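These notes concern the structure reproduced below.
The values are calculated or read from the model by the stated rules, or taken from the named source; none is laboratory data. Computed from a prediction, not measured in an experiment: that's the story for all the values here. All Cβ positions, glycine included, derive from the backbone under ideal geometry; neighbour counts span all protein chains shown.
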Amino acid sequence: MITVHEVAEHYGVSDAFMVRALAKIGFRQDKPETALPTPTVERFEAEFGNKIRAARPKPPPTFTAETDAAPTASRAVRKPMPHVMRVAHARVTGTRLPNGMRVKALLADPGPVHAIDAAGTRDGDPWRGEVVPAAVHFFDGSINSGPTAACGWTHMRAVLGDEFVPADDPSGAGQCPRCAALVADGKGFRDPPDPYGFRSPFCDAYLRLRVDGNVSVKDCTLRDFHDGPHRARDGAEWEVGVDDYVPSPDEVGCRITKAS
């Protein structure tokens, strides 16, 4: 008989994925070396085979001796995450969705806008150093509980994906003058990059996506500079993003899209 690990290698998934998937079809074993009866393997194929193959990215083109092209590296070299000073609002409001759920919303007139280094906050930078105009992230908690702006005086309730660009006349442009002055001088960072390049021993990759309409954040649980795709705690895997995302057993059959 074939083992759990061998079946996982055949389908190109992790052992954790296999254990969870087998549990869903009634075979509960948590050891990769456990042998699987042929009927169980056939049930796994019938339940998950086509779904796993459909979720896998298309194989890269093969190269022959007649071309000078060379295959790309299996994993791109990690680049340092840039720090972007972003626009932040000190005041927000609330509204209701068509289903009656109450959610936070931006004010039409938020008052002077501030600058903030979101990468240095507890929530981190939701856009990982990229400028994403019109995107917004609301900080949890009550009034005056959010992270402070670059000026150090005011607590922020929301951070936008837009970059804070100091104006020649900050007050006239609706900007906090102190934030504008600090950003113009290259200051105001909450957690500047370490000059010695210190890194966490764990992979810092994550993926934000929507599973049946609900936003889910997948953090890679592997060590830094690991080989192969990123792997979340629930067994989901990806290498680049949503396009090659392999769902966890609990997400098989769900509608999965990218979350802004």
Answer with yes or no whether P98 is over 25 Å from the mean Cα position of the chain (by Cα), surrounded by 15 or more Cβ atoms within 10 Å (Cβ to Cβ) and more than 22 Å from R208 (Cα to Cα).
no
How about segment 214-247: which of its residues are crowded, with 21+ Cβ neighbours inside 10 Å and among the hydroxyl-bearing types (S, T, Y)?
Y245
Counting just the residues of segment 229-247 that are touching a helix residue (DSSP H, G or I) at 6+ places or on another chain (Cβ under 7 Å) and among the small types (G, A, S), which one comes out farthest from A205 (Cα to Cα)?
G235
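Among the residues in segment 168-175, are any at pLDDT 90 or above, acidic (D, E) and surrounded by 14 or more Cβ atoms within 10 Å (Cβ to Cβ)?
So far as segment 168-175 goes, no, none of its residues is at pLDDT 90 or above, acidic (D, E) and surrounded by 14 or more Cβ atoms within 10 Å (Cβ to Cβ).
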Checklist (1) over 30 Å from D204 (Cβ atoms); (2) part of a loop (DSSP other than H, G, I, E, B) applied to D125, failing item:
(1)
Which ones in segment 148-167 are surrounded by fewer than 20 Cβ atoms within 10 Å (Cβ to Cβ), under 24 Å from G94 (Cβ atoms) and under 22 Å from the mean Cα position of the chain (by Cα)?
D162
